Every structure is written in C-alpha cells, then in structure tokens.
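Here is the structure we will look at, set down as structure tokens.
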Amino acid sequence: MSGHGVSRAIWWWVALVLPAWLVLALCASWEPVTRDGWGNTYWYLLNELDPARLAQYVKDGWLGSNPRLGQTWTLLMYAPGPFHVITTPLLELAMFGLLTALALGRWPSVRRADDARAALLVTAVVAICTPQIGPMLFYRPFTGNYVFGLVLNLAWLVPYRFHAEAARSARAGSIWWAPALFLLGVAAGMCNEHTGPAFLGLGGLALVHTWRAGARGVVKAWMIAGLVGLAVGYVLLIVAPGHAHRYAGLANQAGIVERITSRGIGANLAVIGAFALYLAHAVPWIGLGIVGRITAPITPPAQSITPSGTPPVATSTWPANRRALVGLGLAGLVCTVTLLASPKLGPRLYLASVALAGVAIAGWVHAQLVTRWSQVACSVLSAAVLAYGGWRSVTVYRAIGPVGEARLRIIQDTPDGQAVVVPRYPVGASRWFLGDDLAVETLRKALARDYGLTAIELAPPAK
C-alpha cells in the first residue's frame, strides 16, 4: 500500500476511535451511583482496598452472594480515584476490537482503511442491536458483570478463530500458550452462566475444523488446554454456593426443567423472540448487503482452465470465513436458549447473544460490499448511527451526572438520624439510562438504613 493510502487509513481509524473513546470516557466520568452501585460505594466507606480485603470479598461472593468474576471487577470500578474512567473506556474499545477481529478472522490493521470500515460496521451493528446500550456501557454493575465477562471470553476465543481461519502450521502457538489459555479459560468460564456453553461449542468447533483440515499436527496443546480451562471455570461458577443465596435463594426454588416448563410456551418463545427483535435493528445493513451482493461485478478467476479445457464460470464471492460467521451466529442463539434455564431474565442478559450474532451479520455484510457506492453507503449509515448514539449518551449523562453527585453528597454527608430530600433525575428510563432508582420506596428505605438516616425522599417533580 502507498504512503498516501496508509495515511488515509490511519485517519479513518482516528476518526473512529478518538470520538468513541471521548464519549465513553465522558459518560463514565458522569455516571451516577445508582441501584447496585450504592452497595459497592458503601463498601468503601467501611473498607480500605487491599489484597486481604479483596480476597475476603471474593470469598464472600463465592460462598454467599455473587460468585461471578465480574462482580469483583465491578467493586474495583467503584474504587475512589480515576481507575473507572481510565479502564472502562479501554475495556469497551477492546470489546469492539475483538469483535472486529472475529469478523475478519485476523487482527485489524491500522494500515488498512477497509479494516477501519469493518470496525465501524461491527461497532454500529452491535451497538444498535444491544438493548439498554447506555446502561451496558455506563452502569458499572452491568459493565462489570457482562462487558468484562464478554471481553474475557472473546479474548479466549480469538486464538481459536485465527488458528482455524489460517490453518496454520505446527509453528502456530508456543508451548507457553497452553498455561496462558488455560488460565484465561478459567477466568472466562467464571464470568457468566449463560455464555459458557456457546463459547465451549465455538472452541470445540474450531478444534474439530483444524483436525479435519488434514494436518493433524496443527491441533496445538493450547487449544485443548484452553477448552479444559473454560470448562473448569464454568463448572466452578455453576457449583458456587453463592447461587443459593442470590435473589433470596431464587435459584433453589425450582429446577431447570421445572423452571422452563412453569414459564410456559409463550413466555419461553418470548425469550427467543426478544433476541430476534433486537437483531431486527440490523435490517438496514442486511438490506445493503443484499443489494451489494446482487450488484457486485462478477470477477473471473485468474486465467485458470478446467480439465475439459473450457474457462470456468465466474461467480460472486462468498466470504471464505462463512463457516466461522455461521458458527458465531448460532452461538448467539445458543446463549439465548441457555437463558431459558435462568431464574432471572432481562435485556441486560442479551449482550453476548447480540454481540456474537451481530458479528456474524456485520462480517457477512462487509464481505458483500465490494463496490465503492455500497462501501460509502454502509460507512455513512454506520457513522450516523454511532454519532446519534454518542450524542444521546453525552446529553443524558451530562444531565444526570451533577444530580447523581449531589445525591451522593447529601446522603453521605448528612448526620445520622435525619431525613433528607434528594433531587430527581431530569430524564426518565430509556435505552440510554435505567431511570430513577430512588423512585422505588424499598430502595430508599434500605439506603436510609445503611446510612443511618430516618428517611430519604425525592424532591417534588419540577414544574
């Protein structure tokens, strides 16, 4: 590629990454303490963060609360200081970067403008299809339990994706990768109950594909070690005693089969249907992909001749990584089906499902856009969607940030035994913000009890 082309590619990446990082960092700095965040903030009023107390927190979560590894990350994000504002945007950029790598089957290159367009497409599709995208990115309990967990699983999966795509030789992967993939697999498996089966299936399919490629020596020790590690971590999460105490022991009130059957056919279909409805937001890109495929010029192969001596018939290209994209899409469905066994449901649980299926959609669309007009149209659509999402996020969190800071100051600084009145948030619940948590009376009473107050009340609505 010429120097001019490389320079243009770098500017593509700057135009994508810099505004995204700025929006993520600003909204993280404005994010108020709400809902489960109060418990994490209160923990720091009673404890100093040191290795011994952190280990005790992990132990308490394992035995009697939330055993997910992401819960510990959530606690760290509430630590006083800039840790949250620095690490959370980087974590979220890493998520979109890993998803782009899965779509391409290789690391995206800053020297390629086409890779920047692919990253723009993947980010836009996953963002618009993710329900409650604002809370998922800016509400720390969601970010810690779901985004953090997804990033670990994606980082674990990427080596399998690359290895299967390139059918690499026996040199691919040092022996030292085995312990690294094992430990990463254990950590990833301990993140979310509904994602383990899907990622185990994807890793297993990559191993089988490599085995059947004809070069059995390409199946590396790290591939087996990683699968074993993920399975071990998932089992550790499933058998953790803390599940018996979460949500007042809800998980123990019914078995998996009883839970599914008692929910009813309609409610179970609604769980699957919600997944389809979230993905329906990708229809404009799918339409572009269909039109791009129909109108793409047919490129003949380079001067090859069939055994009969006649030139081969040229056909439109279908992405070489089609099996991987289909597998990713099916893995998203598997994550959704696994939710049927969950005692708790909600839009927050669809992040992994939508991300995996969104990558499959974006990867297919990107492969169809071979003409200049289709690439420009796709980039304009994706950029417009991300610009709108960034604008909405900034305006919402800029409005609620000062209010949340005032609430926290009032509740923490008021002497014991008094009642307080806190301001209301100026915006309501939406896909950008979960809404006013203190509108719930039981939460106000619990919060007042923790801080030694007689009552916490909301100010009257503004006229």
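The values are calculated or read from the model by the stated rules, or taken from the named source; none is laboratory data. It should be emphasised that the depicted structure is a prediction, and the values quoted were computed from it without experimental measurement. Ideal geometry is used to build each Cβ from the backbone, glycine not excepted, and the neighbour counts take in all protein chains shown.
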Checklist line | Only one of Leu339, Leu345, Leu369, Leu356 that is in the same structural domain as Ala270 (by TED's automatic domain parsing), surrounded by 14 or more Cβ atoms within 10 Å (Cβ to Cβ) and modelled with pLDDT under 90 | finding: Leu345
Next item on the list: Tell me which residues, restricted to the stretch 385-424, are more than 30 Å from Leu453 (Cα to Cα) and more than 21 Å from the chain's Cα centre (by Cα).
Entry: Thr395
Item checked: Residue that is modelled with the highest pLDDT, among those in the stretch 207-222 that are within 28 Å of the chain's Cα centre (by Cα) and among the β-branched types (Val, Ile, Thr) -> Val208
Check: Name the pairs: first residue in the stretch 43-63 and of a type in the set (Lys, Arg), second residue surrounded by 13 or more Cβ atoms within 10 Å (Cβ to Cβ) and at pLDDT 90 or above, Cβ to Cβ under 7 Å, at least 6 apart or on different chains?
Finding: Arg53/Asn47
Next item on the list: Would you check if Trp12 is in a helix (DSSP H, G or I), surrounded by fewer than 19 Cβ atoms within 10 Å (Cβ to Cβ) and out of contact with any strand residue (DSSP E or B) (no Cβ under 9 Å at 6 or more places or on another chain)?
Entry: no
Checklist line | Output for the stretch 8-63, where each listed residue is touching a Gly at 6+ places or on another chain (Cβ under 9 Å) and of a type in the set (Ser, Thr, Tyr) | finding: Ser29, Thr34
